[in-house]
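Shown next, in C-alpha cells, is the structure this report addresses.
Bear in mind these aren't lab numbers, they're just calculated from the coordinates by the rules spelled out. Here the structure is a predicted model, which is why all the values come from computation and not from measurement. Cβ placement follows ideal geometry from the backbone for every residue including glycine, while neighbour counts extend to all protein chains displayed.
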Amino acid sequence: MCGLCGIFGERTHWSTQGVSRGTSRRQRFFRLQAINRVLSLVHYSIRDFSGTDYVLCSPTGAQSMVREMGQMWQDLEKMRGRPLDPLDEATLQAMQGRNP
C-alpha cells in the first residue's frame, strides 16, 4: 500500500478505545513526549504523521513510517543495529539524570 492510501484508513489503537477524539489527540501528544525522552538518549526522535501514523527519525536523517509503537521499537532496532530497552536499568538511570 502506498503511503497516501495508508493515511485514509481510520485505525483505533486499543489504548484509545472509548476516548473522545480531542482526548485521544492529547494522549497521543503526551505519549510522543515520553517516547521522545527515551529516544533522545540515542539521538532518535518520533513525530506524529497526520494523526494516524508516526515517523521515526534517525540522527543521520533516515526515516521510517510507523503505524504503532510496537512497530516503532522493531524499526528502531533495525535502524540502530541493536535494541533499546526502555526498561533497562542503564536506560532508566540515564532518564533520571535528564529533566522532564
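General observations
- Here the 3J(HN,Hα) profile of the range 85-96, calculated from phi with Karplus coefficients 6.51, -1.76 and 1.60 at θ = phi - 60°, is 8, x, 9, 5, 4, 5, 5, 4, 5, 4, 5, 5 Hz, Gly and Pro shown as x.
- Note on Q71 and D48: their simple-model spin labels are 1.8 nm apart, each label 7 Å out from Cα toward Cβ.
- Surrounding net charge for V66, when Lys and Arg each add one and Asp and Glu each subtract one, Cβ distance under 9 Å: -2
- If only the Cβ of Lys and Arg carry +1 and only the Cβ of Asp and Glu carry -1, the dipole of the range 20-81 around its Cα centre is close to 280 debye.
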